[in-house]
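Only one structure is covered here, and it is reproduced in the block below.
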Amino acid sequence: MAEVSIISNTTGNHLDKLKALYKSATDRVVIVSPFLAANISGLLQEFDFSGVNTLELVTTFKPADAEQLTKPRVLKEFIDFFKSKYSKVKVKVHVDNHLHGKLYLSLSGLNKSLILSSANFTRSGLSDNHEWGLSLDDNAIIDTLVEEIFDSIEYFDVTYNQIARACLFAEQYAKDFPDWTRKPNINSDILESVYSVDDTKNTEPKYFLKPIGHSDSPILLEEMRDFSDLHQNLHFSKRKPQGVRKGDYVITTAVGPGSLLSYFKVTGGLQHVTDEEIKRDGWKERWPWYMEGRNQSPEFGGQWWVHNIRRQDALNEFLQKHQKTPVTYAGGYGLGTINRGNDKVRITKEFGDFLISKIEGAIKESPA
């Protein structure tokens, strides 16, 4: 029988209960809170997340609201904390601008626990204010709540780079309108801007085919590596990539089997990895430049090895149907530049749309 208990800040506090809940976690932790502590790293410092694999935060980032200028810094500080202290924890930030409820979940296989409360993820909410909540471990109830929470999200997996760009927007806005604290009439929607996959200036998106992996570390079918993440960094070699911009399509293919992995729309500008990232992941020294991409086929990316659409087979099929249509933007009818180890090749719109149709077709044919 499910256990239910009351949590009260008048006879105890939420903070201690939450510390115990997350210290025992071994898989996935979810924090659902519209308001977050201004000193978020100070609050996080009190927790032990060493047993957590994935931490997901669901919060608000309301347009035309003072949050436009305050939330970016807090979210960046939130991710920075885990980068520096718990680098192995996979952190995801989601936004639901209609959010009012506060929930704290630990999801580890069949061991699921929930705190449903009035307390925001702030020190005052978790320990000082008169807040009450319920702690329960009913899997059926928790599964229903998790489904509802994630069905309500407006912006999934907002990335660190998008948040960093939001910080720059907010800083500039505050400089341009220094009286915003006295007149919080914020006419802005920063998140919509940095999250968008489209660029109004990029009216004719380009198409690229990009290999993932390298000869020393190929992507093998039998390893069944998951490429379903909504946002992924698309890495390029030491030679600074030219011509790729926000709104362009990048179709990824596995070094080794040559299978298609997924396709993306570029969402951000060119970035360079830090020295710290290279120390942590040595391969990034060879592939230091990257751009963020929004996965347009996450379902396919999670089971690409099942479909195993090989790029050479797709190329042959395309050429049989379109004998006079080049596949590369330079006018070529082959993909030798990819086979020779180049980090990308620009392809024609016709060939790009054909590859995308193969991916989309495989998804539709998959059993429900």
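Could you tell me how many of the residues in the range 252-268 are within 19 Å of the chain's Cα centre (by Cα), in a strand (DSSP E or B) and either of a type in the set (S, T, N, Q) or over 30 Å from Glu204 (Cβ atoms) (or both)?
Matching residues across the range 252-268 total 2.
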Quick check on my filter: what residues within the range 3-25 are within 20 Å of Gly109 (Cα to Cα) and in a strand (DSSP E or B)?
Val4
Residues Ile359, Ile338, Ile363: which one is at pLDDT below 95, under 14 Å from Leu209 (Cα atoms) and either part of a helix (DSSP H, G or I) or among the charged types (D, E, K, R) (or both)?
Ile338
Scan the range 71-105 for residues that are farther than 21 Å from Ile153 by Cβ, in contact (Cβ under 8 Å) with a residue 60 or more places away in the chain and over 16 Å from the mean Cα position of the chain (by Cα) and jot them down.
Arg73
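Can you tell which of Phe78, Phe47, Phe82 is among the aromatic types (Phe, Trp, Tyr) and part of a loop (DSSP other than H, G, I, E, B)? Show your work before the answer.
Details: Phe78 fails: part of a loop (DSSP other than H, G, I, E, B); Phe82 fails: part of a loop (DSSP other than H, G, I, E, B).
The match here is Phe47.
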List, please: which pairs have Cβ atoms under 8 Å, are six or more places apart or on different chains, and start with a residue in the range 239-251 that is part of a loop (DSSP other than H, G, I, E, B) and end with one that is open to solvent by 10 Å² or more (accessible area, probe 1.4 Å) and among the polar types (S, T, N, Q)?
Arg245/Asn202; Lys246/Asn202; Gly247/Asn202; Asp248/Asn202
So which residues in the range 107-135 are part of a loop (DSSP other than H, G, I, E, B) and either without any contact (Cβ under 8 Å) to a residue 24 or more places away in the chain or open to solvent by less than 30 Å² (accessible area, probe 1.4 Å) (or both), if there are any at all?
Ser118, Ala119, Asn120, Thr122, Glu131
When both residues are 6+ apart or on different chains and their Cβ atoms are under 8 Å apart, which pairs have a first residue that lies in the range 267-282 and is touching a residue at least 12 places away in the same chain (Cβ under 8 Å) and of a type in the set (A, V, I, L, M), and a second that is surrounded by 15 or more Cβ atoms within 10 Å (Cβ to Cβ) and in a loop (DSSP other than H, G, I, E, B)?
Leu270/Pro241; Leu270/Val244; Val273/Pro288
Could you grab me the full set of residues in the range 92-106 that are over 17 Å from Lys62 (Cβ atoms) and either among the aromatic types (Phe, Trp, Tyr) or buried (at least 21 other Cβ atoms within 10 Å of the Cβ) (or both)?
Tyr104, Leu105, Ser106
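The values are calculated or read from the model by the stated rules, or taken from the named source; none is laboratory data. Everything numeric here is computed off the predicted structure, so don't read it as measured data. Positions of Cβ are generated from backbone atoms using ideal geometry, with glycine treated the same way; all protein chains shown enter the neighbour counts. Accessible surface is based on the protein model in full, side chains and every heavy atom, while ligands, DNA and RNA are left aside. Shrake-Rupley method; radii C 1.70, N 1.55, O 1.52, S 1.80 Å.
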